[in-house]
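This report concerns only the one structure given below.
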Amino acid sequence: MAGKTQQIKVGNQVIGGNDFVVIAGPCSIESKEHFLETATEVKNQGATLLRGGMFKLRTDASSFQGLRSDAFQLAKEVKQEVGLSFLSEITDPRQISDLMDVVDAFQVGSRNMYNYSLLTELGQTDKPVLLKRGFSGTIKEWLGAAEYITKEGNEKVILCERGIRSFDSNTRNVFDVNAIAFIKANSDFPVIADPSHGTGVRNLVIPISLAAAAAGADGLMIEVHPHPDQALSDGFQTLNFPEFSNLMKSLKPLLSSVNRKLAVL
Ligand code: PEP
Ligand code: MN
């Protein structure tokens, strides 16, 4: 199984090559203005793929659930205006047909890693799937979940380590840097690190991003918002614009020390 990492095209960006890809954007898309402002800034700072939740699976049923289908048109416009390809979470197989021309890759969230009927249906599409690790998923179960997609014929699976639950309550999750190195050594899937959910603590995002890059991750997924304290979801782990700029600056020397560089479009 282990060999050279597959290169997977997500819209206009390749994941899994030598260049390190930064995916950035808000946890949730809140309005056209908010998404456009964030997308423009992350692109100017060097991100080459855009994230933004439209369907949010929240612990509290009365919390903001995302703009859902109200975000489709504005997301398409922002993508087009900014020139970045876009990925977003799918929470139900009934969303596939609507999302087909909105996203360039489907994101499967941590809570759905074991949703084998969703994975099977995504395997019947030809769009890349970013498969997050379940917060209680072993690496074996995560790779098993990826097989539900590839078995149907869709080989375009990108794994995403987003932290697992532990007994320690100082951080929301524990980012498993072992998993990054393990996936690189034992599988052909590209692996993206999500230190925003992996730590759940804003000021840990930069150090853990650097650790993931040093361990061989193919890229990062980072939550960014113009005013994290006002974000409708996950503000506590979200970087503001100057913090995101610091992250991008700190990545450069780290990547060059391992003969890599940031991807450009
Ligand atoms: C997200 O990326 O906003 C998200 C909900 O992540 P996870 O599925 O890893 O919790
Ligand atoms: Mn989030």
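The values are calculated or read from the model by the stated rules, or taken from the named source; none is laboratory data. Computed from a predicted structure; not experimentally measured. Cβ coordinates were reconstructed from backbone atoms using ideal geometry, including for glycine residues, and neighbour counts include every protein chain displayed. Heads up: the accessible areas ignore ligands, DNA and RNA and are worked out on the full protein's heavy atoms, side chains in. Shrake-Rupley method; radii C 1.70, N 1.55, O 1.52, S 1.80 Å.
With open to solvent by 10 Å² or more (accessible area, probe 1.4 Å) and either out of contact with any His (no Cβ under 8 Å at 6 or more places or on another chain) or within 12 Å of ligand 1 (Cβ to nearest atom) (or both) as the only criterion, which of A179, A145, A214 stands out?
A214
For L265, are the conditions met, namely being farther than 23 Å from V14 by Cα, surrounded by fewer than 23 Cβ atoms within 10 Å (Cβ to Cβ) and touching a Gly at 6+ places or on another chain (Cβ under 9 Å)? Please lay out each step first, then the result.
Numbers: farther than 23 Å from V14 by Cα: no; surrounded by fewer than 23 Cβ atoms within 10 Å (Cβ to Cβ): yes; touching a Gly at 6+ places or on another chain (Cβ under 9 Å): yes.
In short, no.
Is there a residue being in contact with a Gly (Cβ under 9 Å, 6 or more places away or on another chain) and within 16 Å of ligand 2 (Cβ to nearest atom) anywhere in segment 135-158?
There is at least one residue in segment 135-158 that is in contact with a Gly (Cβ under 9 Å, 6 or more places away or on another chain) and within 16 Å of ligand 2 (Cβ to nearest atom).
Can you confirm whether F35 is among the aromatic types (F, W, Y), open to solvent by less than 10 Å² (accessible area, probe 1.4 Å) and closer than 30 Å to A185 by Cβ?
no
From the set of residues in segment 68-111 that are of a type in the set (V, I, T) and within 16 Å of ligand 2 (Cβ to nearest atom), which is most open to solvent (accessible area, probe 1.4 Å)?
Taking segment 68-111 and keeping what is of a type in the set (V, I, T), we get 78, 82, 90-91, 96, 102-103, 108.
Next, only the ones that are within 16 Å of ligand 2 (Cβ to nearest atom) stay: 90-91, 108.
Values: I90: 0, T91: 25, V108: 0 Å².
Going through the qualifying residues, I end up with T91.
Just checking, which of L220, L204 is of a type outside the set (S, T, Y), open to solvent by 10 Å² or more (accessible area, probe 1.4 Å) and within 16 Å of ligand 2 (Cβ to nearest atom)?
Just one listed residue meets the conditions, L204.
List pairs: first residue in segment 54-75 and within 14 Å of ligand 1 (Cβ to nearest atom), second residue open to solvent by 90 Å² or more (accessible area, probe 1.4 Å) anywhere in the structure, Cβ distance under 8 angstrom, at least six positions apart or on different chains.
Final answer for the pair search is M54/R68; F55/R68; L57/R111.
Going by the conditions given, is S257 within 16 Å of ligand 2 (Cβ to nearest atom) and either under 25 Å from L131 (Cβ atoms) or surrounded by fewer than 16 Cβ atoms within 10 Å (Cβ to Cβ) (or both)?
It is false that S257 is within 16 Å of ligand 2 (Cβ to nearest atom) and either under 25 Å from L131 (Cβ atoms) or surrounded by fewer than 16 Cβ atoms within 10 Å (Cβ to Cβ) (or both).
Which of the residues spanning segment 218-235 are within 16 Å of G53 (Cβ to Cβ) and within 13 Å of ligand 1 (Cβ to nearest atom)?
The answer is M221, I222, E223, V224, H225, A231, L232, S233, D234, G235.
So, in segment 120-134, how many residues would count as being over 13 Å from the mean Cα position of the chain (by Cα) and under 12 Å from L99 (Cβ atoms)? Give the derivation first.
Our first condition is that a residue be over 13 Å from the mean Cα position of the chain (by Cα); within segment 120-134, this holds for 120-127, 134.
Cutting the leftovers down to under 12 Å from L99 (Cβ atoms) gives us 121-122, 125, 127.
Final tally of qualifying residues: 4.
Tally the residues that are under 18 Å from T238 (Cβ atoms) and open to solvent by less than 10 Å² (accessible area, probe 1.4 Å), restricting the search to segment 1-32.
8
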